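Structure first, commentary second.
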Amino acid sequence: MRFTLRGARLIDATTEIADSDITIDGEQIQAIGYASDTLDNVIDATNTLVMPGFIDVHTHGGGGFNLHTTDAEEIRGYARWVPQTGVTSFLIAVVGTPGALPEGQLRTAVEVMGDKELRAEPLGIHMEGPYISVKRRGAHLPSWLRSPDEAEIEHVLTLTQGHLRLITLAPELPGATAIIRRLNAAGVTISMGHTDATYEEAREAIQLGVTHMTHCFNAMRPLSHRLPGPLAAVVQAPQVLGELIADGVHVHPAVMNALVKMLGAERTIVITDALSAAGIGEITFDFAGQPAQVICGAAHLADGTLTGSVLTMDQGLRNMIEMTDASLQEAVGMLTLNPARAIGMADRKGRLQSGYDADLLIFDADLTLQATICRGTLAFATDAWRERMQGIKDS
């Protein structure tokens with residue numbers, strides 16, 4: 001299907017153009033700039049903002065759906081639901097299982113990869129653990145945790161069939177050095193997180209090939225003036241990008257702003273770390289067999305431990321504008337191009353550019369999402385925009 005959005009303000013991490021057209025042909029962006037009036041399917045998009053679709057590289061679910069599952073239909077349900085929050089692609093997060101590798105979750109994630117019927121596109125797998133610190137485990141059960149083992153990592157790489165994009169591990173654990181080297185050679189993005197690493201240990205890990213930090217400030221040694229911890233090492237390493245749960249709960253807004261200033265807008269990645277309860281409200285739900293409850297916009301286990309979030313990415317964009325000094329263009333980059341860069345997908349995701357995937361979001365001036373287009377297909381729209389785009393085939 002070929003169509004043009006006319007007269008929108010186009011904005012991505014590198015470009016902002018007022019009153020412009022963007023033309024979609026099939027699953028890709030064909031052109032940016034004025035399109036001929038003789039074209040069919042020209043849709044009036046004046047007074048709107050068009051930006052690339054959001055990429056959530058760290059989420060566990062939402063809309064009542066879990067991603068750490070052995071039921072492929074649950075992942076498909078999430079992919080149908082999540083475009084209403086602006087997400088057009090994501091990583092499938094896998095967490096631990098008691099006393100064993102999460103092989104069932106990994107096989108299920110591989111099963112849905114490449115499914116053309118999905119709305120939001122799974123770009124790969126994020127394995128959060130099981131090689132993490134018991135001291136900084138957060139909501140991960142002790143029975144899920146395992147010691148780094150080279151043979152086991154070979155098995156994981158075989159199971160995931162090239163779809164493992166990101167792994168969170170604690171680099172200070174015995175045996176971690178060897179698996180960091182192996183994962184780096186396999187092209188997997190390695191993130192330090194749920195870690196008790198010192199500043200010195202974190203610097204060593206970065207030298208080995210760590211290029212990512214999982215939810216900065218959360219589940220790690222704090223940033224202190226005499227014991228700087230791993231975050232200080234990340235700030236000093238320009239090749240490392242850092243995640244931020246932008247809900248204003250996991251990280252205080254003042255510290256959210258400080259992180260953006262320390263890393264710079266080009267190295268900050270907004271994530272949700274969302275659980276299945278995201279987008280539903282204040283409910284009691286299950287997180288990997290543990291009862292959890294949403295109270296005042298935050299998810300807690302029964303013992304009070306803060307677990308994941310109930311943030312959606314569209315709210316994350318608004319929070320970055322309201323809670324930090326980031327410009328709209330900088331914030332957009334944190335939800336689009338930066339996550340694409342982190343997982344090696346920046347050649348086709350995260351920009352409004354000819355030849356890139358037609359993953360587009362249409363917002364009104366108040367930053368309320370009006371429509372989501374996933375690879376050229378309408379995946380979500382308000383009633384008014386569904387009628388406006390009635391000539392565009394629904395997924």
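The values are calculated or read from the model by the stated rules, or taken from the named source; none is laboratory data. Everything numeric in this text was worked out from a predicted model, so none of it was measured. Cβ placement follows ideal geometry from the backbone for every residue including glycine, while neighbour counts extend to all protein chains displayed.
Could you list all residues from region 288-301 that are part of a loop (DSSP other than H, G, I, E, B) and within 30 Å of V332 (Cβ to Cβ)? Passing the criteria: C296, G297.
Can you confirm whether region 59-73 contains a residue that is of a type in the set (D, E) and either buried (at least 16 other Cβ atoms within 10 Å of the Cβ) or modelled with pLDDT under 95 (or both)? No - not one qualifying residue is present in region 59-73. Here A151 meets each of (1) under 22 Å from V95 (Cα atoms); (2) buried (at least 23 other Cβ atoms within 10 Å of the Cβ) with one exception, condition (2).
Output the residue which, of all residues in region 16-33 that are part of a loop (DSSP other than H, G, I, E, B) and under 27 Å from the mean Cα position of the chain (by Cα), is nearest to R2 (Cα to Cα).
This residue is G26.
Restricting attention to region 170-188, the residues that are crowded, with 19+ Cβ neighbours inside 10 Å, more than 9 Å from A205 (Cβ to Cβ) and in contact (Cβ under 8 Å) with a residue 40 or more places away in the chain add up to 2. Just a yes or no: is a residue in region 31-48 surrounded by 13 or more Cβ atoms within 10 Å (Cβ to Cβ) and charged (D, E, K, R)? Looking through region 31-48, none of the residues is surrounded by 13 or more Cβ atoms within 10 Å (Cβ to Cβ) and charged (D, E, K, R). Just one of the listed residues (I343, I269, I280) is modelled with pLDDT under 95 and touching a Gly at 6+ places or on another chain (Cβ under 8 Å), namely I280.
Quick one: would you say S191 is modelled with pLDDT of 95 or more, buried (at least 19 other Cβ atoms within 10 Å of the Cβ) and among the small types (G, A, S)? Explain how you work it out, then say what you get.
Values: modelled with pLDDT of 95 or more: yes; buried (at least 19 other Cβ atoms within 10 Å of the Cβ): yes; among the small types (G, A, S): yes.
Judged against the criteria, S191 is a match.
Residues in region 252-287 that are among the aliphatic types (A, V, I, L, M), crowded, with 19+ Cβ neighbours inside 10 Å and in a loop (DSSP other than H, G, I, E, B): L275, A277, A278.
Within region 293-309, the set of residues being surrounded by 23 or more Cβ atoms within 10 Å (Cβ to Cβ) and without any contact (Cβ under 8 Å) to a residue 60 or more places away in the chain comprises A299 only. The combined condition, being surrounded by 19 or more Cβ atoms within 10 Å (Cβ to Cβ) and more than 25 Å from L317 (Cα to Cα), is not fulfilled by F54.
Scanning region 49-83 for residues that are touching a strand residue (DSSP E or B) at 6+ places or on another chain (Cβ under 9 Å) and at positive phi gives G61, G62, G64.
Listed here are the strands (runs of 3 or more DSSP E) enclosed by region 97-211 that have at least 3 residues being of a type outside the set (A, V, I, L, M) and within 23 Å of the chain's Cα centre (by Cα): 121-128. At pLDDT 95 or above and closer than 21 Å to A331 by Cβ: is that true of P222 in this structure? It is false that P222 is at pLDDT 95 or above and closer than 21 Å to A331 by Cβ. Within this structure, M313 passes the test of being within 22 Å of K261 (Cα to Cα) and either surrounded by 14 or more Cβ atoms within 10 Å (Cβ to Cβ) or not assigned by TED's automatic domain parsing to the domain that holds E27 (or both).
Pick from V235, V210, V249: which is surrounded by fewer than 23 Cβ atoms within 10 Å (Cβ to Cβ), closer than 24 Å to L166 by Cα and touching a residue at least 24 places away in the same chain (Cβ under 8 Å)?
None of the others qualify; the one that does is V235.
Cβ separations smaller than 6 Å between residues 6+ apart or across chains give the following pairs from region 100-121 residues that are among the basic types (K, R) to residues that are buried (at least 22 other Cβ atoms within 10 Å of the Cβ): R119/A79; R119/P83; R119/C374; R119/A379. Going through (1) out of contact with any strand residue (DSSP E or B) (no Cβ under 8 Å at 6 or more places or on another chain); (2) surrounded by 23 or more Cβ atoms within 10 Å (Cβ to Cβ); (3) assigned to a loop (DSSP other than H, G, I, E, B) one by one, A346 falls short only on (2).
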